[in-house]
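J.: Structure below; questions to follow.
A short reminder: the numbers here are calculations on the coordinates, not readings from a lab. The shown structure was predicted, so the numbers you read here are calculated from the model rather than taken from an experiment. Glycine gets a Cβ as well: all are built from the backbone with ideal geometry, and neighbour counts include every protein chain shown.
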2 protein chains.
Amino acid sequence: MLPEEDNSHPIIHRATDYVPPRNWRHWLIGRPLPTADAPHQTIGKFTGLAVFASDALSSTAYATQEILFILAAAGTMAFSYVFPISIAIVVLLAIVALSYEQTIHAYPDGGGSYIVSRDNLGKSPALIAGASLLTDYILTVSVSVSAGVAQIVSAYPELLEYRVPISVGFVFFVMLINLRGVKESGAAFAFPTYFFILLMYLTVGVGLFRYFTGSLGFVDNPPEMDITHTLAGITPFLILHAFSSGTAALTGIEAISNGITAFKEPRSRNAGITLVWMAFILGSLFLGISYLTGHIGAVPSETETVISQMARTIHDGRGVLYHMVIWATTVILILAANTAYADFPRLSAIVAKDGYLPRQMSFRGSRLVFSYGIVTLALIASLLIVVLQASVNRLIPLYAIGVFLSFTLSQAGMARRWRKIGRLQPGQEIAERGSTLRYNRNWQLKMVINGFGAVCTAVVVAVFSVTKFSDGAWMVLILLPLLILMFSLIHRHYSTLAKRLSLEVFAGAAPRATRHRVILPLSGVHQGSLEALRYARRLSDDITAVHVSIDPDEAVKLRQKWENWGEGVRLVILDSPYRLFIEPLLKYVEEILTHRQPDETITIVVPQFIPSKAWHNLLHTNTATLLRNELLSRPGIIITDVPYQVP
Amino acid sequence: MLPEEDNSHPIIHRATDYVPPRNWRHWLIGRPLPTADAPHQTIGKFTGLAVFASDALSSTAYATQEILFILAAAGTMAFSYVFPISIAIVVLLAIVALSYEQTIHAYPDGGGSYIVSRDNLGKSPALIAGASLLTDYILTVSVSVSAGVAQIVSAYPELLEYRVPISVGFVFFVMLINLRGVKESGAAFAFPTYFFILLMYLTVGVGLFRYFTGSLGFVDNPPEMDITHTLAGITPFLILHAFSSGTAALTGIEAISNGITAFKEPRSRNAGITLVWMAFILGSLFLGISYLTGHIGAVPSETETVISQMARTIHDGRGVLYHMVIWATTVILILAANTAYADFPRLSAIVAKDGYLPRQMSFRGSRLVFSYGIVTLALIASLLIVVLQASVNRLIPLYAIGVFLSFTLSQAGMARRWRKIGRLQPGQEIAERGSTLRYNRNWQLKMVINGFGAVCTAVVVAVFSVTKFSDGAWMVLILLPLLILMFSLIHRHYSTLAKRLSLEVFAGAAPRATRHRVILPLSGVHQGSLEALRYARRLSDDITAVHVSIDPDEAVKLRQKWENWGEGVRLVILDSPYRLFIEPLLKYVEEILTHRQPDETITIVVPQFIPSKAWHNLLHTNTATLLRNELLSRPGIIITDVPYQVP
């Protein structure tokens, strides 16, 4: 007797001792982890910084250069604006980081722009934030991997023609590591990240020391400067444009807020501290690089990066240290993709839980990560790389608008939240969805800070949209509404479904059906069909066997056999003059449906031949499956397969 | 009340008034024809000659040239052997044709080599004959279309790079016409066939007239002769080799014997007369061409065909008549494919009926032709054209061995048949499968004729195999055994199946099962699953609902809902620590299967969500289908789908 046959309590809850057997997937991504392991699959601050900071830190590799490129339009005198602009950007960085730090504590289950917008601004802003972030994560993977591979290719030009497969290879390599779980990918990528941080601090530190001790010279043999614009004056617009370009340094700053759940408990605290550290490292390196750049006379160029110019000036030529800096930069560019792999699946899982993406994206895979999201990210990013041929120049304009849009929404959401908090009595607390509103007497200051941040980032979005529109930013502005439309369609499907299936308005089971009709399609009379007949007789006494006759001789034979074996059950032979099988049967069923009484149940019992070898399927017209597909969509018909296996 | 609910007689036979609605297929291949139209879908002698003779007649376009190519090895003096060799070939043609004429009357339901071998020689020779003929029909399509397109391409060299798509296009064009039905393809292709016959007779007739009146000169400006062999003597082997090559004239002669059922009644008589006419036209044209060739000094060449040399000599240069001859030859080469389209599907239907090919090949399509066979032929022939790049030279060596193998078997079979007839008493008749053995006092003579034919064609097969082995004939010699192996595997499957399902040794229905267990997998409690529960309750009182729990919160909610709505039915909740759904459920079912009592029936009632739009499927993990696929192969489980449609 099975345990559940003891009927003392009708509900039995038992643990399954099912353990997945070894298979090739385990070799690739590791053995499955039970759900109970989830708390152990979180990461501390050290690994967390490596996982979530690589995207943000990689932007130090190009942010200063982006500012220089714009200022170059007004000639080299304009380069003196680099450091002041960098200070302004670091202030903005501080505001945004501060805002996210607050958010992390307010939303311990994940406090990205999507959630903050959803809870404070409403559905549409939330969807905009979600769509822009998801787009941006995809672009992060494509852009950063393409940029890293571009660095490799400039070192080994013979690889040029293979850059697309190499890039796609990296995308899938990072995917595989991420499918192994958040802990393992953190461990795998921690070393190169810290190596980069260390080397950059070393370089900037030595540079500053040599500058203040007066031993730092100018860039030797500077590359030719590319000036695409005609010489212009130093206008406020130019400064604003340079500022916007430099805000590329901020991309990736939001990563931690989307990934709070990856941290060990106390997760808000751990995530918050990691964020502060990340912002500090990012800000200081960026400022240091910008400062030094201005004093060594580095110029923006397509042939040599500013980092390269700086490294060879500080380290006195192309020695070991110089090459280490270049390689570390290459690796951090590729690793920026890893941050996207950490965040995209988490964000899409949150969005999917709200019913705006396929629900499968919220399922945790065998290694407790959101495998669907990871694979989806890899596929779309690879597609983008293939379509745009791994060209960084064609990918870059699509990038960064999304991030700043989400910054704006997130800060606006936080400002609104402070407004709500301002309405509370001192000491009062209100629980609101995933967060708690708690009275704070500095709410006005905080609201102003967040509001100011929102305005600044909104300006950046506007400047970006205008200056990069024709370069490809228009694609993003078309893509976002389409994504939001997709979200809405998916959501409508799920909510309609839930409403239709809901038991709230359900009147309870209908009265027992008065009649149960069984239809038994027959292609021949043999052991398989007699088994189906036997089962049909258990269901009801009202059985009609139906044979669609294509060959009259067959029909005669079948009829004789049925007289012997049919147990007196009614047999209808339908002549099919056009040698069709499914259609006449469907028509017959249709006829019965129109004549049926209310609450009559109709079951089609289909004898289904199951071959023992797959190729045997080619030798049979699988009418059972065809019939099933046709009938499933008709309401009120139940389909029973009585399989007969033949060895 | 439906008519079948009158239970006075349990077997009701009724015609379906289902008429297929118009759709795009009808535009392409015509409206479906009812089976009753079959007698009207036969063709008379006039159309029959066009359909079945094009393959044979097209060989007059190259047979003489093939002889010349071989004889050229011994220098131009050897060309005087062309006519004697041609006479020998025509004698062989007469023997083979005679044999087939006899066969047609003996086997009115189709008397190709396959049937004659099967009924007189046994299973293995029949399969060899079937495999060689089917291979040869495929090659006929590839070779003749490629050869026709090669002619077109030599007229319009700018089409050279498109020859593969053009050839494939022709293959599918002829396929489409054939899918329209035998009558329509006959009508479509009758004109070009008769046009070719007329033009050839005109050319040969004018040629002979001018020769005998002395006004026929020699080939003007003959093309350069290609002699690939070193000059050799006129050995018996050379003559034999030339004879074998010339027997290419006989390919296609068997076509009518495979296609008897396409003829109007009296079909044996009609088919026989058509065969005699075809053999007469073929023989006389071939002899005429060979005769004239020798007297105008035509030479074999890769740059100009013998037909072209003859036509411009007879018609005094490249005038209108000359061009008409060339075009008619091109068209007849392509139309030779049409004969294969008429025969391949018929032969494969016969082989399929015997259980050596997928049974679907014996089903008549909407236009009463064997559509599966037609489409299969087009697909394989196209594949061959694509693989061998429409190169006639690479296709030709594969060709003709199959035909002669089947001639040999067919003649040997007929000889054996005469031997059997010789054992009968005068006037005696014995029915044997599809034919009747009838005493004939000339049986010895007829046996000798067929036996001699068999020996001659066997010699041709041997010479072919040897001389063309390294050119690609080895492929055929590998392919044939593989095909026969495939036939045998298919046959074994069908016969094992028939034996297993047979009612001969069936002990009758087992005693009524003592217990009916129902298992109801649940993913949630909603209207859909309650409908399934309601149905399950009609089946049995022994129901176990099973929920595989991935999320403990869900399980708690489900449990509460079940307490309200579950009607007291037992619910088993299986915790799935590895977040798998199917596997724990399968393990549970497995457990029940091992504990089950003899004759216990187990039904799995699966609530299945049916989305109204196909893309909605992406938003659901279709566990019902996955479960079904896994369970169908396990004996003793019945699967019932209770679909719930959500608009």
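J.: Report the net charge of residues surrounding B:S99, where surrounding means a beta-carbon distance below 15 angstrom and charges are Lys +1, Arg +1, Asp -1, Glu -1. Don't skip to the end; give the middle numbers.
T.: Numbers: positive: B:R416, B:R417, B:R419, B:K446; negative: B:E101, B:D119, B:E254.
Neighbourhood net charge equals +1.
J.: Per residue of B:494-501, how many C-beta atoms from partner chains lie within 10 Å of its own C-beta, taken as a mean? Please list the in-between numbers first.
T.: Values: counts 3, 0, 3, 9, 3, 1, 7, 11.
Averaged over the peptide's residues, the number is 5.
J.: Could you order the peptides B:174-181, A:559-566 from most to least packed, using the average number of other C-beta atoms within 10 Å per residue?
T.: Numbers: B:174-181: 21.6, A:559-566: 16.2.
Highest to lowest by the protection proxy: B:174-181, A:559-566.
J.: How large is the charge dipole for the protein assembly as shown, taken about the Cα centre, if only the Cβ atoms of Lys, Arg (+1) and Asp, Glu (-1) carry charge, to the nearest 20 debye?
T.: Details: 102 positive and 88 negative charges, 422 e Å.
Charge dipole of the protein assembly as shown: 2020 debye, to the nearest 20.
J.: From the phi angles alone, apply the Karplus equation (6.51, -1.76, 1.60; θ = phi - 60°) to the stretch A:307-317 and give each ³J(HN,Hα) in whole Hz, x where the residue is Gly or Pro.
T.: 4, 5, 4, 5, 4, 6, 6, 6, 8, 6, x
J.: Then there's this: Taking 51 Å as R0, compute the FRET efficiency from the Cβ-Cβ separation of B:V386 and B:N221 and round it to 0.05. Mind showing how you got there, number by number?
T.: Details: r = 38 Å, r/R0 = 0.74.
FRET efficiency, B:V386 to B:N221: 0.85.
J.: Efficiency by 1/(1 + (r/R0)^6): what FRET value for A:S633 and A:E563, r their Cβ-Cβ distance, R0 = 35 Å, to the nearest 0.05? Numbers along the way, then the final one.
T.: On the way: r = 36 Å, r/R0 = 1.02.
FRET efficiency, A:S633 to A:E563: 0.45.
J.: Placing the label point 7 Å from Cα along the Cα-to-Cβ direction, what are the distances from B:L424 to the equivalent spots in the other copies, shortest first, in nm to one decimal?
T.: Values, ascending and in nm: 10.9.
J.: In which sequence would A:I582, B:I490 go, from the one with the fewest C-beta neighbours within 10 Å to the one with the most? It would help to have the intermediate numbers written out before the result.
T.: Details: A:I582 17, B:I490 21.
Least crowded to most crowded, the residues run A:I582, B:I490.
J.: How would you order B:583-596, B:87-100 from highest to lowest mean count of nearby Cβ atoms within 10 Å? Kindly include the intermediate steps, with their values, before the conclusion.
T.: Details: B:583-596: 15.9, B:87-100: 21.2.
In descending order of packing, they fall as B:87-100, B:583-596.
J.: Please list A:402-409, A:344-351, A:636-643 highest first by mean number of surrounding beta-carbon atoms within 10 Å per residue. Walk me through the numbers on the way to the answer.
T.: Details: A:402-409: 28.1, A:344-351: 25.9, A:636-643: 21.6.
Put in order of decreasing packing, that is A:402-409, A:344-351, A:636-643.
J.: Can I ask one more? So which residue of B has the beta-carbon closest to the axis that swings B onto A, and how many whole Å away?
T.: Nearest Cβ to that rotation axis, in whole Å: B:T640, 2.
J.: Using the Karplus curve 6.51 cos²θ - 1.76 cosθ + 1.60 with θ = phi - 60°, what ³J(HN,Hα) values do you get for each residue of the stretch A:26-31, in whole Hz, with x for Gly and Pro?
T.: Along the stretch A:26-31, the couplings run 5, 4, 6, 10, x, 5 Hz.
J.: Further, regarding this structure: Bin width 10 Å, origin at 0, all Cα-Cα pairs of chain A: what percent of pairs per bin?
T.: Spelled out per bin, shortest first, that is 3, 13, 20, 19, 14, 11, 9, 7, 4, 1, 0, 0.
J.: In addition: By its C-alpha gyration tensor, with a ≥ b ≥ c as the square roots of the eigenvalues, how is the stretch B:88-129 shaped: rounded for a/c under 1.5, else prolate for a/b larger than b/c, else oblate?
T.: Oblate is the answer for the stretch B:88-129, as a/c is 1.5 or above yet b/c matches or exceeds a/b.
J.: A further question follows. Per-residue HN-Hα couplings for the stretch B:403-408, Karplus 6.51 cos²θ - 1.76 cosθ + 1.60 at θ = phi - 60°, whole Hz, x for Gly and Pro?
T.: Per-residue couplings from phi come out as 4, 6, 4, 6, 4, 4 Hz.
J.: Averaged across the residues of B:575-585, what count of C-beta atoms belonging to other chains lies within 10 Å of each residue's C-beta? Walk me through the numbers on the way to the answer.
T.: On the way: counts 9, 5, 11, 12, 9, 5, 1, 0, 5, 4, 2.
Mean number of neighbouring Cβ atoms from other chains: 6.
J.: When a footprinting reagent is the concern and you count Cβ atoms within 10 Å, what order do A:E567, B:E265 take, fewest first?
T.: Working: A:E567 14, B:E265 10.
So the ranking, lowest neighbour count to highest, is B:E265, A:E567.
J.: I would also like to ask the following. Label position 7 Å from Cα toward Cβ: report the copy-to-copy distances for B:P20 in nm, one decimal, ordered from shortest.
T.: 4.6
J.: Additional query: Under the rule of -39500 (n - 2.57) per DSSP H run of 4 or more residues, summed and divided by the residues of the protein assembly as shown, what mean residue ellipticity at 222 nm is obtained, to the nearest 500 deg cm²/dmol? Present the calculation step by step, with values, prior to reporting the outcome.
T.: Details: 44 runs with 758 residues, N = 1294.
Value at 222 nm, helices only: -19500 deg cm²/dmol.
J.: What does the charge count around A:F243 come to, taking other residues whose C-beta lies under 15 Å from its C-beta (Lys +1, Arg +1, Asp -1, Glu -1)? Mind dumping the intermediate values first?
T.: Numbers: positive: A:K468; negative: A:E66.
The answer is 0.
J.: Calculate the FRET efficiency for B:L489 and B:I87 from the Cβ-Cβ distance with a Förster distance of 45 Å, rounded to the nearest 0.05. Write down the numbers at each step before the final one.
T.: Values: r = 46 Å, r/R0 = 1.02.
Efficiency, from the Cβ-Cβ distance: 0.50.
J.: Specify the angular offset, from 0 to 90 degrees and rounded to the nearest 10, of the alpha carbon long axis of helix A:623-632 from the longest principal axis of the alpha carbons in chain A.
T.: Around 70 degrees separate the two axes.
J.: Only bridges with both residues in the protein assembly as shown count here: give the DSSP antiparallel percent, nearest 5. Mind dumping the intermediate values first?
T.: Details: 11 of 75 bridges.
About 15 percent, rounded to the nearest 5.
J.: For B:I43, which sequence-distant residues (separation of 5 or more, or a different chain) have an amide H within less than 5 Å of its own amide H, given hydrogens modelled in the peptide plane?
T.: Excluding prolines and chain starts, which carry no amide H, the hits are B:F263, B:K264.
J.: Taking the Cα atoms of the stretch B:515-645, what is the range of coordinates along each of the three principal axes, in descending order and whole Å?
T.: 42, 32, 31
J.: Working out 0.36 nm times the residue gap between A:F280 and A:L586, then minus their Cα-Cα distance, what length gain in nm do you get to one decimal?
T.: Numbers: separation 306, 0.36 × 306 = 110.16 nm, distance 7.08 nm.
So the extension gain works out to 103.1 nm.
J.: Sticking with this structure for a sec: How far, in nm to one decimal, is A:P84 from itself in the other copies if the label point is set 7 angstrom along Cα toward Cβ? Shortest first, please.
T.: Distances to the matching label points in the other copies: 11.3 nm.
J.: Follow-up. Using only Cα atoms, tell me the angle between helix A:443-467 and the longest principal axis of chain A; keep it within 0 to 90° and round to the nearest 10.
T.: 80 degrees
J.: Here's something else I'd like to know. Which aspartates and glutamates, on any chain, are close to A:K420 with Cα under 18 Å apart, when same-chain ones fewer than 8 places away are left out?
T.: A:D119, A:E429, A:E432
J.: Let me ask something additional. For the protein assembly as shown, what does the alpha-carbon gyration tensor say about shape, rounded, prolate or oblate, given a ≥ b ≥ c as the root eigenvalues, a/c under 1.5 as rounded, and a/b over b/c as prolate? It would help to have the intermediate numbers written out before the result.
T.: Numbers: a/c = 3.08, a/b = 1.52, b/c = 2.03.
Oblate, because a/c is 1.5 or more while a/b does not exceed b/c.
J.: Something else now. Taking only Cα atoms, what is the 0 to 90° angle, nearest 10, from helix A:45-58's long axis to the longest principal axis of chain A?
T.: The angle comes out at about 70 degrees.
J.: Under 21 Å Cα-Cα from A:K557, which lysines qualify once same-chain neighbours fewer than 8 residues away are excluded?
T.: Answer for A:K557, where 21 Å is the Cα cut-off: B:K353, B:K499, listed by chain and number.
J.: Moving to a separate point now. Would you tell me the mean number of C-beta atoms belonging to other protein chains that fall within 10 Å of each C-beta in B:532-544, as a whole number?
T.: Values: counts 1, 1, 5, 6, 0, 2, 8, 5, 1, 0, 1, 0, 5.
Across the residues of B:532-544, the mean count of other-chain Cβ atoms within 10 Å is 3.
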